[in-house]
Amino acid sequence: MKEINIEALTRDNVRRLTPYSSARDEFTGAEGVFLDANENPFPSKVNRYPDPQQRELKSKFADLRGVLKDQLIIGNGSDEILDLVFRAFCEPGKDFVVTIKPSYGMYKVLANINDVKLSEVALDHNFDLDVDAILDVSEGAKMIILCSPNNPTGNLLNKDRIIEILDKFNGLVVVDEAYIDFADNASMLDELRNYQNLMISQTFSKAFGMAGIRVGVGIAHEQIINILNRIKPPYNVNGISQEMALNRLARIEKVASEITQLKLERSRLINFLEHQDAVIQVYPTDANFVLFQVSDANKYYDRLVENGVIVRNRTSAYGCENCLRLSIGTKEENNRFMEVFDTINL
Ligand SMILES: *Cc1c(COP(=O)(O)O)cnc(C)c1O
């Protein structure tokens with residue numbers, strides 16, 4: 001395994017701090033008369049604090065992904081996981097981070113919130129990694145954030161190129177796999193055994209169909225997880241969300257069947273778009289959305305909205321001039337999109 005000095009990457013104050021210890025951290029048994037957390041004793045579904053370590057959820061998710069539960073941190077969405085990574089490892093006003101463009105807008109926002117400089121390196125003409133350009137600007141950076149499949153482009157990043165970055169960069173490499181379940185056998189999870197500097201983030205918001213419960217998962221070497229656990233808010237994932245996520249994992253075949261349906265719908269939409277004169281280019285996708293280029297994205301966007309169909313206008317994103325991003329909906333929703341799109345004459 002490629003090892004890195006995680007302590008040395010960690011911010012001084014985080015290394016030194018004494019983490020908050022909650023009542024549910026100090027007594028973890030399930031039986032007894034609980035007079036330790038100043039809760040209201042009258043039973044309702046939610047009068048008790050939730051498990052601060054989300055042990056059951058971690059155990060089930062670890063089984064699903066074939067990792068150890070000590071390699072997991074659960075967050076209030078993966079946005080919280082990414083924020084924790086910034087706060088644990090990046091000294092405000094001093095450290096800097098590298099990411100790709102175009103990509104997920106939250107990386108920039110998180111960097112700004114944490115007062116961390118962000119360098120965005122352009123993807124190549126296939127929206128894939130330019131490894132040399134990334135490594136060039138990464139000298140001294142705390143981390144490199146990648147997104148695969150990438151948002152808004154939809155494509156997976158080349159795995160060999162990610163591995164080259166893991167090999168040559170001695171900071172943290174975060175791979176955001178929010179859409180990984182829509183791609184075939186493409187996760188970086190297997191590389192966790194080879195690279196201590198790899199951190200993967202996944203989410204219940206997309207393929208698992210649970211954007212509303214705000215559950216995200218960070219997967220990394222236990223030492224990285226331990227650092228993040230030191231700074232996470234004690235009860236960051238509420239009890240109802242933990243329960244709903246567990247219910248979903250217990251019916252994982254339902255998730256699989258929805259993914260299958262969405263992939264079929266994805267093919268149907270791609271086929272439709274490729275046969276439209278108004279569409280200049282349809283970009284390859286491994287996610288539950290498709291990016292495509294038209295002559296005038298603003299006009300198409302407005303016409304779609306006027307007809308009650310809302311897509312994402314990405315024309316201002318780097319390299320995405322006149323591009324719209326279309327999420328894959330139900331069959332009926334996609335039919336409606338096609339019907340409206342067909343009638344737009346510019
Ligand atoms: C949607 C999305 C997420 C999900 O964030 P949550 O906070 O888990 O809902 C993460 N990364 C990318 C690139 C996304 O598009």
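The values are calculated or read from the model by the stated rules, or taken from the named source; none is laboratory data. In this text the structure is predicted, and so the values were computed from the model without any measurement. Cβ atoms come from the backbone with ideal geometry, glycine included; neighbour counts cover every protein chain shown.
Taken over region 239-257, the residue count meeting the criterion of being surrounded by fewer than 15 Cβ atoms within 10 Å (Cβ to Cβ) and not polar (S, T, N, Q) is 7. Name the pairs whose Cβ atoms lie under 6 Å apart, with the first residue in region 19-46 and under 21 Å from ASN236 (Cβ atoms), the second outside any loop (DSSP other than H, G, I, E, B), and 6 or more positions between them or separate chains? The qualifying pairs are PRO19/ARG230; ASP36/ALA23; ALA37/ALA23; VAL46/GLY239.
Quick one: is ALA133 small (Gly, Ala, Ser) and surrounded by 20 or more Cβ atoms within 10 Å (Cβ to Cβ)? Here the answer is no, as ALA133 does not meet what is asked. Within region 291-316, the set of residues being within 19 Å of ARG336 (Cα to Cα) and either basic (Lys, Arg) or part of a loop (DSSP other than H, G, I, E, B) (or both) comprises LYS299, ARG303, ASN307, GLY308, VAL309, ILE310, VAL311, ARG312. Can you tell me which of (1) free of Cβ contacts under 8 Å to residues at least 60 places away in the same chain; (2) in contact with a Cys (Cβ under 8 Å, 6 or more places away or on another chain) is the one GLU243 doesn't meet? Every listed condition holds for GLU243 apart from (2).
In region 221-241, the qualifying residues are those that are among the aliphatic types (A, V, I, L, M) and within 16 Å of the ligand (Cβ to nearest atom), and the one that is farthest from GLN196 (Cα to Cα) is VAL237. Residue-level analysis places LEU166 among those that are in contact (Cβ under 8 Å) with a residue 60 or more places away in the chain, farther than 24 Å from GLN53 by Cβ and among the aliphatic types (A, V, I, L, M). For the residues ASN313, ASN335, the requirement of being crowded, with 18+ Cβ neighbours inside 10 Å, among the polar types (S, T, N, Q) and out of contact with any Ser or Thr (no Cβ under 8 Å at 6 or more places or on another chain) singles out ASN313. Being at pLDDT 95 or above and assigned to a loop (DSSP other than H, G, I, E, B) is not true of GLU80.
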